[in-house]
1. Which residue is surrounded by the fewest Cβ atoms within 10 Å (Cβ to Cβ), if the candidates are limited to the stretch 32-75 and must be more than 17 Å from Gly7 (Cβ to Cβ) and aliphatic (A, V, I, L, M)?
2. Which residue pairs have Cβ atoms closer than 9 Å, lie 6 or more positions apart in sequence or on different chains, and pair a first residue in the stretch 1-29 that is closer than 18 Å to Arg52 by Cα and in contact (Cβ under 8 Å) with a residue 12 or more places away in the chain with a second residue that is in a helix (DSSP H, G or I) and hydroxyl-bearing (Ser, Thr, Tyr)?
3. How about the stretch 14-31: which of its residues are modelled with pLDDT of 85 or more, of a type outside the set (Asp, Glu) and either over 16 Å from Gln2 (Cβ atoms) or loosely packed, with under 11 Cβ neighbours inside 10 Å (or both)?
4. Restricting attention to the stretch 114-137, and to residues there that are surrounded by 12 or more Cβ atoms within 10 Å (Cβ to Cβ) and hydroxyl-bearing (Ser, Thr, Tyr), which single residue is farthest from Phe154 (Cα to Cα)?
Amino acid sequence: MQQDNMGRLEALLFAAGEPLGVPQLAELLGLNKPQTWELLGLLQEEYKSEKRGLELREVAEGWQLCTKACHHEMILQLAGTQELKLSNAAMETLAIVAYRQPVTRTEMEAIRGVSVDGVVNTLLEWELIAEAGRKDTAGRPILYKTTDRFLEVFGLKALKDLPAMPDILAEDAAKHPQQLSLLEMDETGEETD
């Protein structure tokens, strides 16, 4: 029975990808907290074997499976060879940010016609976009811009190296001249004369 629970615990920790607290683990496993603590201790001991590539760490008031520090260099190599795959929604939103930056979520949604919350969070997580301050309007919404990582991923030296603005964005830019397009910016992101 304990081996079954260890397998279930390991599956939860692996699937979560983020730290899970003992109360949440106990509830999901259908165990009490002392039983859950015991299982965590046993699983942590199993992972201490030199044969294992993972370890169980207590972090951020929870428990998380992590790769062992001795494998750090190899993991970095893997990360460098993995292809970044963006959904159509992510590419559309990223194009809006690239050509209209700095831009708010509301402005992105007005162009796309759908909510961009999840996509923006993903682009932030992948460090393709970043916060660029706050807009001087009611509610002071956050402005977003592309990052150096964006330039690296798309093989650009500077924003001015982007291809010509797609028609739909060019039409929208004409409707909202107060928003700078990248065509009016130099490579540092400053407005040109």
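1. Here the answer is Ala69.
2. That search, which allows pairs on different chains as well, returns Leu9/Thr36.
3. Phe14, Ala15, Leu20, Gly21, Val22, Pro23, Gln24, Leu28, Gly30
4. Going through the qualifying residues, I end up with Ser115.
The values are calculated or read from the model by the stated rules, or taken from the named source; none is laboratory data. Just so it is clear, the structure is predicted and the values come from calculations on it, not from any experiment. Positions of Cβ are backbone-derived with ideal geometry, glycine not excepted, and every protein chain shown enters the neighbour counts.
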